[in-house]
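Q: The structure follows.
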Amino acid sequence: MSAPGLLGAAAAAAILRLGVPMALGVIASVALAQVNTGAPDLNRALREEVVRVPSTGKLFNIELETTLYRPPGEGPFPIVVINHGKMAGDTRFQARYRPTRAARFFLVRGHAVVVPMRAGFSKSSGAYVGGGCNVESNGLAQAEDVKTVLDWLAGQAWADTRQVLLVGQSHGGWTTLAAGTLDLPGVKGLVNFAGGLRQSDCSGWEGALARAAGNYGKDTRRPSLWFYGENDSFFPERLWKAMAEAYAGAGAPVEVVNVGPFGSDSHSFFGARAAEPVWQPKVQAFMGAVGLPVAERYPELASVGLMPVPAATGFAALDDVDKVPHLRPTGREGYKMFLTKSMPRAFVLSANGVWAWADMGDDPLARALANCQRLSASPCQPYAVDDQVVWKAPQ
């Protein structure tokens with residue numbers, strides 16, 4: 001995960017005038033994004049709102065920053081909880097997770113989507129419980145926050161907590177698997193996208209992760225659906241296969257989907273548009289098998305308000321920085337940064353060298369174009385979206 005987006009050279013000059021220290025590297029980049037783009041507006045069409053979910057009955061009371069998306073009407077709606085990943089660095093700098101494209105899939109089928117930021121992440125209070133090299137205890141600590149949110153939902157008239165699906169990506173996938181051990185009421189199934197926690201500074205971390213998956217499997221009887229790829233930069237194929245073998249060997253029901261080599265990094269599979277035709281039918285079939293509603297009740301929510309994405313043009317390889325037209329050196333550095341971001345993402349530019357990128361959220365292409373156009377006298381055009389170059393040279 002990453003900050004919402006960056007602007008081009010003119011914006012950098014504006015930030016310097018505001019006193020943001022550009023020499024601070026990654027921290028300065030986050031500050032630049034926050035000052036220039038701000039928090040994206042809530043998506044009213046999807047009834048997006050942000051609430052603070054309190055935890056009670058613990059030594060220290062905390063509040064979890066939680067994003068809600070709801071279908072039309074009063075409910076009660078079946079619930080999908082989507083658990084976020086973990087970016088490098090201080091968890092408090094991590095932006096609020098907005099998996100809006102995935103949320104649309106569930107909203108169309110009449111489910112409310114709940115996205116909690118766990119303790120110590122973003123604007124949630126409390127502290128991130130890392131657990132040192134003990135990846136098993138790390139996941140179980142994160143799972144307690146999932147329980148906190150489900151306990152709160154039980155008191156909401158619009159929430160049907162008898163019908164719950166837990167979903168997670170990366171560290172959120174690991175959190176989802178850990179939550180499966182808690183026998184939480186109403187949870188029908190678990191969906192894990194590239195779940196785990198890479199601890200390369202810990203000796204034997206891969207073996208520890210596989211053993212922890214096996215221990216989770218001993219205490220899990222909810223069915224689960226796993227998605228992993230062959231070019232995952234966090235978890236190599238041998239590792240996730242060992243995790244799945246240990247988990248299933250302990251008695252937990254699991255279906256593993258190998259998505260193959262996906263894009264430049266299959267770890268970003270969940271957020272990519274190109275992945276949706278792969279994971280969505282699988283998840284729909286899984287939901288039906290565990291007794292959750294799958295009929296499309298609100299098909300209009302799949303696309304309302306979205307900007308169409310141009311088709312790939314093959315103008316250049318995605319990572320060929322030198323082929324990107326019009327950019328000055330600072331713009332090329334910006335494009336390199338864009339290439340490190342998770343999908344969905346978009347990079348746009350204009351003939352006078354102004355550029356912008358945006359990632360996460362519902363419509364990064366629209367946000368990037370709007371940010372670019374505010375600083376450019378000439379039209380801004382998409383150059384790359386997700387893992388595809390879509391640039392068309394002006395005729």
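Q: Quick one: check the C-alpha center-to-center distance for the stretch 327-395 versus the stretch 124-163, whole angstrom.
A: That distance is 36 Å.
Q: From Cα pairs below 8 angstrom and at least 6 apart in sequence, can you work out the relative contact order of the stretch 48-191, rounded to a whole percent? It would help to have the intermediate numbers written out before the result.
A: Working: 293 pairs, mean separation 40.8, N = 144.
That works out to 28 percent.
Q: Output ³J(HN,Hα) for the stretch 150-155: one whole-Hz value per residue in order, computed from phi by the Karplus curve 6.51 cos²θ - 1.76 cosθ + 1.60 with θ = phi - 60°, and x for Gly and Pro.
A: Listing the rounded values in order: 5, 4, 5, 4, 4, x Hz.
Q: Which ³J(HN,Hα) values, rounded to whole Hz and listed in residue order, are derived for the stretch 223-237 from phi using the Karplus coefficients 6.51, -1.76 and 1.60 in 6.51 cos²θ - 1.76 cosθ + 1.60 with θ = phi - 60°, glycine and proline given as x?
A: x, 9, 10, 10, 10, 9, x, 7, 10, 6, 6, 9, 10, x, 3
Q: OK, next. Let me check something: with ligands and nucleic acids excluded, how do 343, 337 order by accessible area (1.4 Å probe), largest to smallest?
A: Greatest to least solvent exposure: 337, 343.
Q: Lys and Arg at +1, Asp and Glu at -1: add these up for the other residues within a Cβ distance under 11 Å of residue 275 and post the number. Spell out each step's value before the answer.
A: Values: positive: 101, 273, 282; negative: 276, 386, 387.
The answer is 0.
Q: If you plug each phi of the stretch 121-131 into the Karplus form 6.51 cos²θ - 1.76 cosθ + 1.60 with θ = phi - 60°, what whole-Hz ³J(HN,Hα) values come out, in order, with x for Gly and Pro?
A: 9, 6, 9, 6, 7, x, 10, 5, 9, x, x
Q: Turning to a different aspect of this structure: In terms of modelled amide H atoms, which long-range or inter-chain residues lie less than 5 Å from the amide H of residue 226?
A: 192, 255, 256, 257
Q: How high is the relative contact order of the stretch 148-292, given as a whole-number percent (alpha carbon pairs under 8 Å, six or more residues apart)?
A: Once divided by the residue count of the stretch 148-292, the mean separation gives 21 percent.
Q: Now for a different question. Among the listed pairs 241/341; 188/282; 123/282; 123/336; 86/241, which have their C-alpha atoms separated by more than 24 angstrom in this model?
A: Cα-Cα > 24 Å for 241/341; 123/282; 123/336; rest within.
Q: Remind me, relative contact order of the chain in percent, using alpha carbon pairs under 8 angstrom and six or more residues apart?
A: Averaging sequence separation for qualifying contacts and normalising by length gives 16 percent for the chain.
The values are calculated or read from the model by the stated rules, or taken from the named source; none is laboratory data. Since this is a predicted model, take the numbers as computed values, not measurements. Reconstructed Cβ throughout: ideal geometry from the backbone, glycine too, with neighbour counts over all protein chains shown. The area values use the complete protein model at the heavy-atom level, side chains included, leaving out ligands, DNA and RNA. Shrake-Rupley method; radii C 1.70, N 1.55, O 1.52, S 1.80 Å.
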